[in-house]
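Values quoted throughout were computed directly from the atomic coordinates according to the rules given, and no laboratory measurement underlies them. In this text the structure is predicted, and so the values were computed from the model without any measurement. FYI the Cβ positions are ideal-geometry reconstructions off the backbone, even for glycines, and counts take in every protein chain you see.
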Amino acid sequence: MSCCAPGAETTLDMIDTASALPSSDEIKLASRSLGGDTHQTDLSVPTVHCAACMQTVETALRKLEGIESARVNLSTKRVSVRWHGDQVPPIFATLGRLGYEAHLFDPGSAKQDKTLSELIRAVAISGFAAGNIMLLSVSVWSGAEGATRDLFHWVSALIALPALAFAGGIYFRSAGKALRHGRVNMDVPIAVGISLAYGMSLYETITHGEHAYFDASVSLLFILLIGRALDHAMRERARTAVTGLSRLAGRGAIVLRSGRTREYLSIGQIEPGMELVIAAGERVPVDGDILHGSSDVDCSLVSGESRPCAVGPGSDIQAGTLNLTGPLTMRATAAAKDSFLAQMVRLMEAAEGGRSQYRKIADRVSALYAPMVHLAALVTFLGWITASGDWHLAGTTAIAVLIITCPCALGLAVPIVQVVAARRLFEAGVMVKDGSAMERLAAIDTTVFDKTGTLTRARARLVNAPSIDPAMLAIAAEMATHSRHPYSRAIAAFLGPSSQPRPASISEQPGFGVEASMEGNIWRLGREGWAGWKAATGGNGKRGSCGTVLSRDGVVVAAFDFEDYTRADAGVAVTALKHAGLAVEMLSGDTAKACGEVAKALGIGNFVPSLHPAGKVKRIEALTKAGHKVLMVGDGLNDTPALAAAHVSMAPASAADIGRNAADFVFLRESLLAVPLALDISRKAGWLIRQNVAIAIVYNVFAVPIAMSGYVTPLIAAIAMSTSSLTVVANAMRLHAFRKRGD
């Protein structure tokens, strides 16, 4: 059934000539840079079928020099390859030798999936043939003999042959291609079983035998195709979240050229730095900054808020948001493939590609299962032919074993739950990278929150601006524009026309602040101990209670006081985590006073203030050494090391790009209720995975001995195998009915 994803077969043979393969330059242009000399190339490989195919592809690619990882996604028929260096590994040549047709993935050229319509046609043809052959069989069962019986058998053979050839082509093409390249996939035992059933029936017809099983062979195919079609429909339903998210991307935009000429470009042609015109009613195609115009935009995709947000010059705007009321001119800051929306789509697609411990075991067993199935069928045939001497009975029993032992339920047990759970989380505003992250989240016993930008919103208010020297405030605002920290944004809001010189160089030190060089002086904006290294206060500045200061050559010249706003329902989320049996802590680089106020308001009893990024990592490592499994929820550059050090991590969508990349989960909404909800769904998914694995194991424990004992016909075997697979899928769909209070 659907452990071999349907519709991926193709009648085209792989062309092994070098001219048919993309060049190294084409591969580099289609790849995404991951920093340094590491790249990721996404390939579309429509002939990947099952766990055996996954293991074959991943093992072969990982052996190539320069490749760090290779991961197959069965739902999308995609292979993601990470490689490093200037020399592109021979990815396509390797796949071609294995018999897999591959091409560079292009999201803009995605076509409608025709698999379901093909399956429905196959079901209709096999069902029509099975019904007519069954009517003829009734006459034989009723006592037709001699020439009449032979005539009915020949008519049945003529009806069954084209039906098996067309409707069974899905299995035969898949099995044939695998065998030609020295592989065995899950369609091989099915194809062998159907062929043997027809061959035995044809032999009986030629030799004027009493029994023929044309009805069984066609009905067997009919039942298998029904199961496969239903499974494919349910899998696609589980993945519609990715499809819907992809459709939110704009198809292109009007670009302002030099001389203010206008030209429409498709989304793939838009590059960072281009000026775009977004009319009211259009979706924003790429991430950017607004240059001119004011409007209300629908940011529900990004923030989960249903109310429109007002934006104007200087505002950030992300791909997928909808411009509602007025025209906007924006400058693109990222290409479409690097936009926020593209990152969210990749996170969703990666969910099924993940390898949790359960899935690794299931994949390994499924990959070994096909040869075991054939061995079991051979042993059954030899055993029955030895015991009874009836080769007909031995062959029928062996066919039943081939069919009933196909490990479809085991192959589906884990990935279908991961796909459904990923969609369920997406509906709640949480993006998950892979299934292993959900497994790790279900096992945590401690949650550690960053304060600024996480427990508090990514917006703060500067409360002592009137008491700060305007010249110093102007310098601080200029420096603050180079940081995404909430306090920096609060200071940057005071940026305006100024006669102050602009910095010659500027850089951000994660966890400390921003440093700039201007007219021979070193200016620092950030943590008091770092910026005011001469431990003196100059100008009219006072040491701020929040610990954020501006210094010139190590002397503090201004201090800043802020007011934080806690995220909506943060206190409720903390309480929910405690009720789930988790310990909750808060880590922050802020002062003890500021941390204490937030901790008291949210009911957090344990917090550690004034921490550098390394201090957060040490605290998480200390918890880990004490036997705890830690969830880190953080935002910003200074939280990235801690996110990587934790057992599992989560970041808001407002986090810096590096923070989102380091996190295992990204939540899109202001409310922190996403954290306990993700925990609950992950625990529920883990329970369903264990149930599915148990169903698959129990099915095989009982089905295989019964089939080998001769108590199961091929038709009953097909019904049992399809039922086990559909049971696993239906069990996974129970996650859709799972609702948490407050969701």
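Length gain on complete extension for the stretch residue 166 to residue 522, per 0.36 nm per residue less the alpha carbon to alpha carbon distance?
Numbers: separation 356, 0.36 × 356 = 128.16 nm, distance 7.69 nm.
Working it through step by step, the gained length comes to 120.5 nm.
Do me a favour and compute the ellipsoid semi-axes for the stretch 563-720 from its Cα gyration tensor, root of five times each eigenvalue, largest one first, whole Å. Walk me through the numbers on the way to the answer.
Working: eigenvalues 411, 52, 45 Å².
Values for the stretch 563-720, descending: 45, 16, 15 Å.
What dipole magnitude, in Debye to the nearest 20, does the stretch 116-230 give about its Cα centre under +1 on Lys/Arg Cβ and -1 on Asp/Glu Cβ? Before the final figure, lay out each step's value.
Details: 7 positive and 7 negative charges, 126 e Å.
Using only the charged Cβ atoms, the result is roughly 600 debye.
Can you list the HN-Hα couplings for the stretch 122-138, worked out from phi with the Karplus curve (6.51, -1.76, 1.60; θ = phi - 60°), rounded to whole Hz and with x for Gly and Pro?
Karplus values, whole Hz, x for Gly and Pro: 5, 4, 5, 5, 5, x, 4, 5, 4, x, 5, 5, 5, 5, 5, 5, 4.
List the pair-distance distribution P(r) of the stretch 116-162, using every Cα-Cα distance, as the percent of pairs falling in each 5 Å bin from 0 up to the bin containing the longest distance, rounded to whole percents.
5, 22, 25, 18, 12, 8, 5, 3, 1
Would you mind getting me the FRET efficiency between residue 331 and residue 509? Use the beta-carbon distance for r and R0 = 25 Å, nearest 0.05.
Working: r = 27 Å, r/R0 = 1.08.
Efficiency, from the Cβ-Cβ distance: 0.40.
Just order 576-584, 511-519 by mean Cβ neighbour count inside 10 Å, highest at the front, would you?
Result, highest mean Cβ count within 10 Å first: 511-519, 576-584.
Can you give the Rg/Rh ratio of the stretch 116-230, where Rg is from the C-alpha atoms and Rh is the Kirkwood radius? Could the numbers behind the result be given before it?
Working: Rg = 14.8 Å, Rh = 14.5 Å.
Rg divided by Rh gives 1.02.
For the stretch 556-643, just the Cα set please: Rg and Dmax, both in angstrom.
Both quantities, over Cα of the stretch 556-643: 14.0, 47 Å.
Using a Förster radius of 41 Å, what is the FRET efficiency between residue 495 and residue 338 based on their Cβ-Cβ separation? Nearest 0.05, please. Let's see the in-between values first.
Numbers: r = 27 Å, r/R0 = 0.65.
Rounded to the nearest 0.05, the efficiency is 0.95.
Go through 578/616; 629/684; 451/618; 77/629 and tell me which ones have a Cα-Cα distance over 26 Å in this structure. Walk me through the numbers before you get to the answer.
On the way: 578/616 21 Å; 629/684 18 Å; 451/618 17 Å; 77/629 34 Å.
Violating the 26 Å limit, Cα to Cα: 77/629.
Can you list the residues, at least 5 places off or on another chain, whose amide H is less than 5 Å from the amide H of residue 667, using H built in the peptide plane?
HN-HN under 5 Å from residue 667: 431, 651, 653.
Give the separation of the Cα centroids, the stretch 470-511 to the stretch 414-433, in Å.
Spelled out, the Cα-based centre of one part sits 40 Å from the other.
Over all Cα pairs of the stretch 252-338, how is the pair count split among 10 Å bins, expressed in % and running from 0 up to the last occupied bin?
Pair shares across the bins are 20, 55, 23, 2.
Cut-off 16 Å, label point 7 angstrom out along Cα-to-Cβ of residue 379: give me the residues of the stretch 701-725 whose amide nitrogen falls inside.
Once the point is set 7 Å along Cα→Cβ of residue 379, 701-710 turn out to lie under 16 Å by backbone N, inside the stretch 701-725.
If the label point is 7 Å along Cα→Cβ of residue 683, which residues in the stretch 551-574 have backbone nitrogen under 16 Å from it?
Under 16 Å, as judged by backbone N against the label point of residue 683, lie 573-574 of the stretch 551-574.
Output ³J(HN,Hα) for the stretch 689-703: one whole-Hz value per residue in order, computed from phi by the Karplus curve 6.51 cos²θ - 1.76 cosθ + 1.60 with θ = phi - 60°, and x for Gly and Pro.
My calculation for the stretch 689-703 gives 4, 4, 4, 5, 4, 5, 4, 5, 5, 4, 4, 5, 4, 8, 6 Hz in order.
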